[in-house]
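Below is one structure, written out as structure tokens, with a few remarks after it.
The values are calculated or read from the model by the stated rules, or taken from the named source; none is laboratory data. On a predicted model such as this, the values are computed, not experimentally measured, just so you know. So basically every Cβ, Gly included, is an ideal-geometry build from the backbone, and we count neighbours across all protein chains shown.
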């Protein structure tokens, strides 16, 4: 079995369910990290053979609803907040900033 998407949204305006069910958005960055690590542990301890896991997703997806939407991140759009890294507006440019989940996954796989 290959798990093609596992991830948690940190969208700020979504209902916050929290652990152990987390929910579809509204998670804190810490909950995103612990939730993804739990998903990885669940796949590693599954009784079914597991070929691997793909993290959804590396970078927040601002582009979901066209070019004009891609310049800002909508706090109400859960789909734009799944990244383990995010873009930060640095006045005339964007920089990448890793979330807690990025470092948690990196530490697990080192």
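Suppose we keep only residues that are more than 11 Å from the chain's Cα centre (by Cα) and buried (at least 16 other Cβ atoms within 10 Å of the Cβ) within the range 14-25. Which one would you say is farthest from residue 78 (Cα to Cα)? Filtering the range 14-25 for residues that are more than 11 Å from the chain's Cα centre (by Cα) and buried (at least 16 other Cβ atoms within 10 Å of the Cβ), the one farthest from residue 78 (Cα to Cα) comes out as 22. So, of the residues in the range 53-74 that are surrounded by fewer than 15 Cβ atoms within 10 Å (Cβ to Cβ) and touching a helix residue (DSSP H, G or I) at 6+ places or on another chain (Cβ under 8 Å), which turns out to be nearest to residue 13 (Cα to Cα)? Here the residue is 72. Would you confirm, using the coordinates I've provided, whether residue 97 is within 15 Å of residue 25 (Cα to Cα) and outside any loop (DSSP other than H, G, I, E, B)? Considered against the rule, which asks whether it is within 15 Å of residue 25 (Cα to Cα) and outside any loop (DSSP other than H, G, I, E, B), residue 97 comes out as no. Just one of (1) at pLDDT 85 or above; (2) assigned to a loop (DSSP other than H, G, I, E, B); (3) farther than 21 Å from residue 106 by Cβ fails for residue 83. It is (3).
Among the residues of the range 1-25, those that are outside any loop (DSSP other than H, G, I, E, B) and touching a residue at least 40 places away in the same chain (Cβ under 8 Å) comprise 2, 3, 4, 5, 6. If residue 88 satisfies every condition in (1) outside any strand (DSSP E or B); (2) over 21 Å from residue 109 (Cβ atoms) but one, which is the exception? Just one mismatch for residue 88, condition (1).
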